[in-house]
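**Student:** Below you'll find the structure I mean.
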Amino acid sequence: MPRIKRKRDALPTLNYTRRGFRLKDGRLHVAGGIALTVLWSRELPAAPTSVRIYQDSLGHWYASFVVATTAQPLPATGAVLGVDWGVKETATTTSDAHDLPHAEHGKNAAQRLARYQRMMARRKPARGQAASKGYRQARKQTAKLNKKVARQRQDTARKWAKSVVRDHDSIAVEDFRPKFLSRTTMARKAADAAIGATKTALIEMGRKHARDIRLVHPAHTTMDCAHCMTRAKHALPLSERTYTCTACGAVSPRDKNSARVMLVRAGLNPAGAEGVRPP
Ligand SMILES: [Zn+2]
């Protein structure tokens with residue numbers, strides 16, 4: 001069941017617009033005469049228009065600045081790419097060189113995560129009681145591990161997105177919605193989270209470098225033939241790894257077929273066949 005979020009339990013955030021903050025000598029001055037020393041992760045490309053100061057689940061404080069940026073266009077390549085998301089391969093694309101196998105970041109942490117979660121359950125404070133030191137420790141370790149996994153995913157996703165965006169002008173992407181996140185197994189959750197992080201990274205990277213990213217509605221993408229666009233009468237069972245078209249007889253690996261369907265649906269590859277790149 002979704003848990004109710006309460007403001008008094010939420011982590012603190014403070015927002016300041018232009019008149020509420022000032023940068024002077026590398027320090028951040030906010031309204032009320034408060035001066036903060038900031039560890040800069042990088043130089044700001046322009047004067048910020050607002051800042052959000054927030055605390056994360058580990059208790060670390062961050063200052064996040066809003067800065068107007070301009071796109072950094074990359075040289076045109078004349079290439080297009082179709083992307084299909086999946087469990088075993090996080091991304092299957094129309095270019096073999098750009099397929100992204102599932103990194104299984106969550107898998108390596110799952111055992112330790114389970115241990116911390118057991119610790120939390122055991123040390124759980126009674127209703128109305130303050131949380132014990134042990135409970136808070138376990139909670140912090142859980143948060144730390146979750147954050148580590150999320151960062152690993154983001155790192156993998158950004159590196160992949162960079163190479164995809166560098167090598168293609170237009171990219172057709174399945175508009176994936178994580179529908180299984182709330183139930184089913186750890187493996188499925190991890191795959192969903194990896195897809196979510198990768199999709200976000202790709203969209204951000206595309207915007208940064210002024211590339212054409214097209215989101216494709218995911219319905220029936222596994223049922224259509226990328227060769228002749230005929231829809232199969234029945235959905236392929238997940239165990240079936242090859243797509244065979246009953247209309248034109250085209251045979252191709254299931255995920256590669258879906259990736260090609262993305263291209264055709266986005267209007268990027270009217271020729272359809274074999275994922276041929278237009279001249
Ligand atoms: Zn066909």
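The values are calculated or read from the model by the stated rules, or taken from the named source; none is laboratory data. Computed from a predicted structure; not experimentally measured. With ideal geometry, Cβ positions are generated from the backbone for all residues, glycine too; neighbour counts draw on all protein chains shown. Protein only, heavy atoms only, side chains kept; ligands, DNA and RNA dropped before computing areas. Shrake-Rupley method; radii C 1.70, N 1.55, O 1.52, S 1.80 Å.
**Student:** Filter the trypsin sites (Lys or Arg not before Pro) in region 62-126 to those in DSSP coil with at most 12 other Cβ atoms within 10 Å of their Cβ, and list the result. Please report the intermediate quantities before stating the final value.
**Tutor:** Working: sites: LYS88, LYS107, ARG112, ARG115, ARG118, ARG122, ARG123; in loops: LYS88, ARG123.
Sites meeting the loop and neighbour criteria: LYS88.
**Student:** Does region 1-144 come out rounded, prolate or oblate by the C-alpha gyration tensor, with a ≥ b ≥ c the root eigenvalues, rounded set by a/c under 1.5 and, if not, prolate when a/b is larger than b/c and oblate if not?
**Tutor:** In terms of gyration-tensor shape, oblate.
**Student:** Run through region 29-126 and list the chymotrypsin sites (Phe, Trp or Tyr not before Pro) located in a DSSP loop whose Cβ has at most 11 other Cβ atoms within 10 Å.
**Tutor:** For chymotrypsin sites (Phe, Trp or Tyr not before Pro) across region 29-126 that sit outside H, G, I, E and B with at most 11 neighbouring Cβ atoms in 10 Å, the list reads TRP40.
**Student:** Under 22 Å Cα-Cα from LYS199, which lysines qualify once same-chain neighbours fewer than 8 residues away are excluded?
**Tutor:** Leaving aside lysines fewer than 8 places away in the same chain, those within reach of LYS199 are LYS88, LYS107, LYS147, LYS148, LYS159, LYS162, LYS179, LYS189, LYS208, LYS256.
**Student:** Using a 1.4 Å probe over the heavy atoms of the protein chains, calculate the carbon and sulfur portion of the accessible area of the chain as a whole percent. Don't skip to the answer; put the middle values down first.
**Tutor:** Working: 9570 of 17980 Å².
Roughly 53 percent, rounded to a whole number.
**Student:** Still on this model: In whole Hz and in residue order, list the ³J(HN,Hα) couplings for region 62-76 that follow from phi through the Karplus curve 6.51 cos²θ - 1.76 cosθ + 1.60, θ = phi - 60°; x for Gly and Pro.
**Tutor:** Those phi angles translate into 10, 10, 10, 9, 9, 10, 6, 10, 10, 5, 10, x, 9, x, 5 Hz.
**Student:** With θ set to phi - 60°, apply the Karplus curve 6.51 cos²θ - 1.76 cosθ + 1.60 along region 150-159 and write out the HN-Hα couplings as whole Hz, x wherever there is a Gly or Pro.
**Tutor:** 4, 5, 4, 4, 5, 4, 4, 4, 5, 5
**Student:** With a 10 Å radius around each residue's Cβ, average the other Cβ atoms per peptide and rank 133-140, 201-208, highest first.
**Tutor:** The most tightly packed comes first, giving 201-208, 133-140.
**Student:** Can you bin the chain into rounded, prolate or oblate? Criterion: square roots of the alpha carbon gyration tensor eigenvalues sorted a ≥ b ≥ c, rounded for a/c under 1.5, prolate for a/b above b/c, oblate for the rest.
**Tutor:** Values: a/c = 2.90, a/b = 1.47, b/c = 1.97.
It comes out oblate by the Cα gyration axes.
**Student:** With every protein chain kept in place and ligands, DNA and RNA left out, what is the accessible area per residue of region 7-66? Probe 1.4 Å, answer in Å².
**Tutor:** 77
**Student:** Looking at region 219-262, which trypsin sites (Lys or Arg not before Pro) are in a loop (DSSP not H, G, I, E or B) and have at most 11 other Cβ atoms within 10 Å?
**Tutor:** Here the sparse-neighbourhood loop sites are LYS233, ARG241.
**Student:** Roughly how many debye, to the nearest 20, is the charge dipole of the chain about its Cα centre, given +1 on each Lys and Arg Cβ, -1 on each Asp and Glu Cβ, and no other charges? Provide the component values of the computation, followed by the final result.
**Tutor:** Numbers: 52 positive and 21 negative charges, 476 e Å.
Dipole magnitude for the chain comes out near 2280 debye.
**Student:** A further question on this structure: Quick check for me: using +1 on Lys/Arg Cβ and -1 on Asp/Glu Cβ, what's the dipole size of region 1-91 about its Cα centre, in debye to the nearest 20? Walk me through the intermediate numbers first.
**Tutor:** Working: 13 positive and 6 negative charges, 128 e Å.
Around 620 debye, computed over region 1-91.
**Student:** Determine the per residue accessible area of region 108-215 with all protein chains present and a 1.4 angstrom probe, expressed in square angstrom. Can you show the working numbers first?
**Tutor:** Working: 6650 Å² over 108 residues.
I get 62 Å² per residue for this part.
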